[in-house]
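Chemist: Here it is: the structure, laid out below.
The values are calculated or read from the model by the stated rules, or taken from the named source; none is laboratory data. This one's a predicted model, so the numbers in the text were calculated from it and none came from an experiment. Using ideal geometry, Cβ is built from the backbone for each residue, glycine included, and neighbour counts are taken over all protein chains shown.
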Amino acid sequence: MENKWDSEKYLKFEKERTQPAIDLVRRVEGRTVSSALDVGCGPGNSSAVIKSVFPEAEILGIDFSADMIERAKKDYTDIIFEQWDADEFSEKTGKKFDLIFSNACLQWLPDQFKTIKNLYKLLNENGIMAIQIPCNFDEPIHHLIHKVVTSEKWEGVFQHQRNYVMGTVEEYFDVLSALSDEFDIWTTTYHHVLPSHEAIWTWYEGTGLRPYLSQIDDSMRAEFKKDIMEEIRLNYPLQKNGKVIFNFPRLFFVIVK
C-alpha cells in the first residue's frame, strides 16, 4: 500500500501544528526578506505564517506529497507551491533565498545533516535559515508504538519500521558551527490539551502511524488500533476534567549566512 500523506487528517490539529511555525517566524521577524523557501510546506499553513510576517516576499513552498501541494494551492493562491523532494530540490535548483524555513519536515529525511548543509548553500549572503524539528522520540507515544509493532502478535506483519532521524543538541551545534558563527538553538515543549485518548490516535494517524497503517489492509486496521489505544490509555492518564495532556518537545534553530 502506498504511504501517502493525507492533508485532511493532518489539518485536524492545524492550530497545534502551526503554533511552532508562528513561534519560529517570530524569531526572524524584522529582517529584510524578499524571497523565502518553505521546505516541507505541507498543506500550506506554515507558508501562510511566513506570508503574514513578510507580505511582500515571494514565497515558494515545496513538499514531497502531491496531496499536500494540491491542498496548499487550493487554500493559498498568493503563494507558489511545487511538488519536490527536499534533497533533490536543494541539489538541482539554481534559486537563492533570503529565508529558508522548515516546520517539522527534516525528521522524515534520511540524512538531515546533509540536507541542512545543502539548504544553507541556497541562502543569499546575510540570509537566514529557520528550522523546527520534533524531538519527541523519547515520549510515551513512540515507545508504545514500537512496543506494539514489535510484539509477538504483530511480528512479521510490518516489514518496515519507521526510521527516526533525530540528532542531539550537540550534533546540531557542530553542524551549524561549521557553517556560521551566528546561530541559536533552543527547545520548547508544547503541552497540548487534547479532548480524549482517541485524539492522540487521530493526531498520529496522520503522521507517525502512517508508515505502519500503509502496510496493513482494512481488515487488520481495527485490531491494530485497539492495541495502540490500549497502550495510549495506559501511558496517558486523564486529567480531572477528562482531558489529556499530550507533551510534544520540539527543537528549533536559526542560522545566519
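Chemist: Please enumerate the residues belonging to the range 119-137 that are in a loop (DSSP other than H, G, I, E, B) and either touching a residue at least 40 places away in the same chain (Cβ under 8 Å) or of a type in the set (Lys, Arg) (or both).
Modeler: Pass one, the range 119-137, residues in a loop (DSSP other than H, G, I, E, B): 121-122, 135-137.
Selection gives 121, 122, 135, 136.
Chemist: Another question, then. Among the residues of the range 55-105, which ones are of a type outside the set (Ser, Thr, Tyr), closer than 19 Å to residue 255 by Cβ and out of contact with any strand residue (DSSP E or B) (no Cβ under 8 Å at 6 or more places or on another chain)?
Modeler: 87, the sole residue that qualifies.
Chemist: Among helices (runs of 4 or more DSSP H) lying entirely in the range 13-77, which contain 2 or more residues that are in contact with a Ser or Thr (Cβ under 6 Å, 6 or more places away or on another chain) and either touching a residue at least 12 places away in the same chain (Cβ under 8 Å) or of a type in the set (A, V, I, L, M, F, W, C) (or both)?
Modeler: Details: elements: 14-26, 45-53, 66-75.
In the range 13-77, the matching helices (runs of 4 or more DSSP H) lie at 66-75.
Chemist: Need at least 1 residues that are of a type in the set (Val, Ile, Thr) and at pLDDT below 95 per element, so show me which helices (runs of 4 or more DSSP H) inside the range 143-257 make the cut, counting only ones lying wholly within it. If you could, list the steps in order and put the result at the bottom.
Modeler: Working: elements: 169-177, 197-205, 210-213, 218-235.
The helices (runs of 4 or more DSSP H) meeting that bar are 169-177, 197-205.
Chemist: I'd like the full set of residues that are touching a helix residue (DSSP H, G or I) at 6+ places or on another chain (Cβ under 9 Å) and crowded, with 16+ Cβ neighbours inside 10 Å, limited to the range 203-224.
Modeler: 203, 204, 205, 206, 207, 208, 209, 210, 212, 213, 224
Chemist: Something else now. Condition check: in a strand (DSSP E or B), within 19 Å of residue 185 (Cβ to Cβ) and not small (Gly, Ala, Ser). Does residue 116 satisfy that?
Modeler: Criteria not met by residue 116.
Chemist: Out of 47, 90, I need the residue that is closer than 22 Å to residue 16 by Cα and either hydroxyl-bearing (Ser, Thr, Tyr) or in contact with a Gly (Cβ under 8 Å, 6 or more places away or on another chain) (or both). Which one?
Modeler: On the way: 90 fails: closer than 22 Å to residue 16 by Cα.
Going through 47, 90 in turn, just one is closer than 22 Å to residue 16 by Cα and either hydroxyl-bearing (Ser, Thr, Tyr) or in contact with a Gly (Cβ under 8 Å, 6 or more places away or on another chain) (or both): 47.
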